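Before any comments, here is the structure.
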Ligand SMILES: Nc1ncnc2c1ncn2[C@@H]1O[C@H](COP(=O)(O)OP(=O)(O)OP(=O)(O)O)[C@@H](O)[C@H]1O
Ligand SMILES: [Mg+2]
């Protein structure tokens, strides 16, 4: 049997007196879109911070395609195919939009950052162009990222996450702060992301989102996090009917 | 910055004027200005190197003059040996300048490897501390004059000439400065430069894209140290002597001022900064011995009024 895309065992992360993640177990099959929902402060971002390597767990294991990565540095996890977006768009404000996505493209092509070549060589530009086209940012590719509107920075944030061609994509509230049209665009975009890993298997996506319509429309399965614990996992239908979930979370929404 | 911005047009005009300056000063019989402009350009070269880490990369080193010291003392030691041997290969600039550069590079790798594990104020403090260590090392080097430093027994030779000649030194410095500026432009537009500029604002995100940023920042720190060592080797020849004061923290601060005043993270900022600092020092020190009292506020005003320094002033004016 092949290893699941992501397997989390007994993950625990403590911030002072707060157990932000309190014994999390989770398995993601390759190619699924798995939504993580839960009230503010329930530990969703903390969880993906540990998957990416930005935070180190106090205890527990994180297996990415069968390898325990819980204590590996961030950049090696990227090399293993993990990529993420940020809840608050996290771009390189002084750099152009094209430069923002070029880092990941170069890393995906196995190019180290040379001293003397141009930053945007042809093979890089091709993929930069494709990524920005998909994100709907081609027109602004030469603008400094810091000058973009919030919605465009959000799109750019997701495009940067995809630039390194990850096969396990962690999206932290990709719809936050978007208007209706932009939300529709982003939903289409996320659906495309899954199919688009070239070549090879479908991308596996962890989707943190407060927009329940989007969550129910997009995801294959949903896990509900409350106070650092997963209280339920299931298909959208199962989660929609789960009384604990309705009480703990959906009821308030 | 591309070579078509207003700041870069001014900078290129300035470089052309610098290329012609020795001719005019010779005609006017004012060779002192060649001496002064050489010093200015050497400080600009050191500023260019500091700009890579402080300006583009947000690595605020306050010990950068330590590398000036290493470069200068490398030349002093080699020239002592060469003087004992009455010349020989160790006397030539083609040997002395590369070795001085290399010595500074090695020191920068060691200092950078430690310092770059810290951030912000800690980085400032630790680079300051390393700078002071190098200063103290100079003071402790009794055979090289200790506290007082020493006069170079002989200057770096360059074919039949040597760098004691004002115009020869001047054009060597100008040539190296132009090379460093061209290299700076190329470097910062390269993937390597993009990593340095990107790490300035968002290192975590770079790491999450598979870029091991520490390595690249260390390489930038080493390169900056190396080029500053080269500037130190030139400075030894310009002044004809070396002393620990070259590596003193006040000198490091002067380099920081050159970068900030000229416009941190702009291609030609260090050139403007060096011209302004050396020029102001010269003018104000003739007016009063307490010239720093005037110099300080001018500096604070320029930097506060305009975050982009002098390069930023050009931009602001053309935007109106
Ligand atoms: N770096 C940190 N230091 C201290 N406490 C933290 C840190 N990061 C998160 N926390 C705390 O951990 C808990 C979980 O936070 P987390 O950001 O993971 O929640 P979340 O589910 O992503 O919430 P939201 O929906 O608001 O984004 C909160 O109580 C938060 O205050
Ligand atoms: Mg969050």
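One table, with the values for the structure above:
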{"item": "In the range A:169-184, residue nearest to residue A:158 (Cα to Cα) [restricted to those that are in a strand (DSSP E or B) and either without any contact (Cβ under 8 Å) to a residue 24 or more places away in the chain or within 13 Å of ligand 1 (Cβ to nearest atom) (or both)]", "result": "A:171"}
{"item": "Flag for residue A:107 being under 19 Å from the mean Cα position of the chain (by Cα), within 13 Å of another protein chain (Cβ to nearest Cβ) and either in a loop (DSSP other than H, G, I, E, B) or within 24 Å of residue A:48 (Cα to Cα) (or both)", "result": "yes"}
{"item": "Among the candidates B:265, B:225, residue that is on the phi < 0 side of the Ramachandran plot, surrounded by 20 or more Cβ atoms within 10 Å (Cβ to Cβ) and touching a residue at least 40 places away in the same chain (Cβ under 8 Å)", "result": "B:225"}
{"item": "The range A:45-60, residues that are surrounded by fewer than 15 Cβ atoms within 10 Å (Cβ to Cβ) and over 19 Å from the mean Cα position of the chain (by Cα)", "result": "A:58, A:59"}
{"item": "Residue A:114 vs. criteria on the phi > 0 side of the Ramachandran plot and not in a helix (DSSP H, G or I)", "result": "no"}
{"item": "Single residue of the range A:51-75 satisfying the filter (within 8 Å of chain B (Cβ to nearest Cβ) and not in a loop (DSSP other than H, G, I, E, B)) that is nearest to ligand 2 (Cβ to nearest atom)", "result": "A:52"}
{"item": "Meets criteria (within 16 Å of ligand 2 (Cβ to nearest atom), within 14 Å of another protein chain (Cβ to nearest Cβ) and closer than 18 Å to residue A:64 by Cα) for residue A:48", "result": "yes"}
{"item": "Complete set of residues in the range A:61-76 that are away from ligand 1 (no atom under 16 Å from the Cβ) and in contact with a strand residue (DSSP E or B) (Cβ under 7 Å, 6 or more places away or on another chain)", "result": "A:61, A:63, A:64, A:68, A:69, A:70"}
{"item": "Any hit, the range A:186-202, residues being within 16 Å of ligand 1 (Cβ to nearest atom) and assigned to a helix (DSSP H, G or I)", "result": "no"}
{"item": "Number of the exception - residue B:59 against (1) touching a helix residue (DSSP H, G or I) at 6+ places or on another chain (Cβ under 6 Å); (2) crowded, with 23+ Cβ neighbours inside 10 Å; (3) part of a helix (DSSP H, G or I)", "result": "(3)"}
{"item": "Any chance residue A:130 is touching a helix residue (DSSP H, G or I) at 6+ places or on another chain (Cβ under 8 Å), free of Cβ contacts under 8 Å to residues at least 60 places away in the same chain and in a helix (DSSP H, G or I)", "result": "no"}
{"item": "Residue A:101 vs. criteria more than 8 Å from chain B (Cβ to nearest Cβ) and over 17 Å from the mean Cα position of the chain (by Cα)", "result": "no"}
{"item": "Pair list, Cβ < 6 Å and 6+ apart or interchain, from the range A:38-60 residues that are more than 12 Å from ligand 1 (Cβ to nearest atom) to residues that are assigned to a loop (DSSP other than H, G, I, E, B)", "result": "A:57/A:70"}
{"item": "Selection count where residues are within 7 Å of chain A (Cβ to nearest Cβ), touching a helix residue (DSSP H, G or I) at 6+ places or on another chain (Cβ under 6 Å) and more than 17 Å from residue B:49 (Cα to Cα), scope the range B:194-210", "result": "6"}
{"item": "Long-range neighbours under 9 Å by Cβ, at least six apart or interchain, first residue assigned to a loop (DSSP other than H, G, I, E, B) within the range B:24-40, second surrounded by fewer than 16 Cβ atoms within 10 Å (Cβ to Cβ)", "result": "B:30/B:24; B:31/B:167"}
{"item": "Hits in the range A:11-26 (condition: within 16 Å of residue A:60 (Cα to Cα) and either at pLDDT 95 or above or within 12 Å of ligand 1 (Cβ to nearest atom) (or both))", "result": "A:11, A:12, A:13, A:14, A:15, A:19, A:20, A:21, A:22, A:24, A:25, A:26"}
{"item": "Check on residue A:83, in a strand (DSSP E or B), more than 16 Å from ligand 2 (Cβ to nearest atom) and at the interface with chain B (Cβ under 10 Å from one of its Cβ atoms)", "result": "yes"}
{"item": "Selected residue (only one of A:157, A:142, A:165 is within 16 Å of ligand 2 (Cβ to nearest atom), within 13 Å of chain B (Cβ to nearest Cβ) and in contact (Cβ under 8 Å) with a residue 12 or more places away in the chain)", "result": "A:157"}
{"item": "Selection within the range B:152-193 - in contact with a helix residue (DSSP H, G or I) (Cβ under 6 Å, 6 or more places away or on another chain) and not in a helix (DSSP H, G or I)", "result": "B:152, B:153, B:154, B:155, B:156, B:157, B:158, B:161, B:163"}
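The values are calculated or read from the model by the stated rules, or taken from the named source; none is laboratory data. Remember, it's a predicted structure, so these values are computed and weren't measured experimentally. Cβ: placed from backbone, ideal geometry, glycine included. Neighbour counts: every protein chain shown.
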